[in-house]
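The values are calculated or read from the model by the stated rules, or taken from the named source; none is laboratory data. All figures in this text were calculated on a predicted structure; none of them were measured in a lab. Here the Cβ positions follow ideal geometry from the backbone for every residue, glycine too, while neighbour counts run over all protein chains shown. Ligands, DNA and RNA are excluded from the accessible area calculation, which covers all protein heavy atoms including side chains. Shrake-Rupley method; radii C 1.70, N 1.55, O 1.52, S 1.80 Å.
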Amino acid sequence: LESFDCRRVNFYEQQRATMVATQLGWVGFAADIYGKDLHQVDEIQDRIELSTLYRSDPNLFAQRIQSAVAYVKTMDMVDADNVAVVGYCFGGTGVLQYAFLGLNGVQAIVSVHGGLLQVPEASESINPKV
């Protein structure tokens, strides 16, 4: 499962998920954190507002990632016991928040260029490799 930057899931992000899947032999899935009604978030101010909403509410952000994880685990080609989340920039922040909240539905969490507004207190139950 891949979570990307604050723009939205577009063709570039879909290509990246496909590339990772093809090169590593994984099933790639580009998670759309904003949801189906916000596929065309082109204005920078709108992207700032949306990304701020999720970055300032770790539970909401993690809930969206958890929903994507749950969906991915239902896919026929997916080994539900062997799922990882990878996030870049905005998505990297989300996967870090997912880890800090102690959500353990994945085997590994990778944050690339993710950042936190505040470093939350880590849950004692972080089981995935981060």
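Side notes on the structure shown:
- Ile48 contributes an accessible area of around 80 Å² to the protein surface, as traced by a 1.4 Å probe with all chains present.
- Working from label points 7 Å from Cα in the Cα-to-Cβ sense, the His113 to Asp81 distance is 3.6 nm.
- List Leu24, Leu101, Leu50, ordered by accessible area with a 1.4 Å probe, largest first: Leu24, Leu101, Leu50
- When you restrict to C-alpha pairs under 8 Å that are six or more residues apart and normalise by the size of region 12-75, the relative contact order lands at 26 percent.
- Vicinal HN-Hα couplings computed from phi for region 63-75 (Karplus, 6.51 cos²θ - 1.76 cosθ + 1.60; Hz; Gly/Pro x): 4, 5, 5, 4, 4, 5, 4, 4, 5, 4, 5, 8, 6
- Rolling a 1.4 angstrom probe over the protein heavy atoms with all chains in place gives region 24-77 an accessible area of 65 Å² per residue.
- Ordering Thr74, Thr93 by accessible surface, largest first, gives Thr74, Thr93; the 1.4 Å probe counts only protein heavy atoms, with every chain in place.
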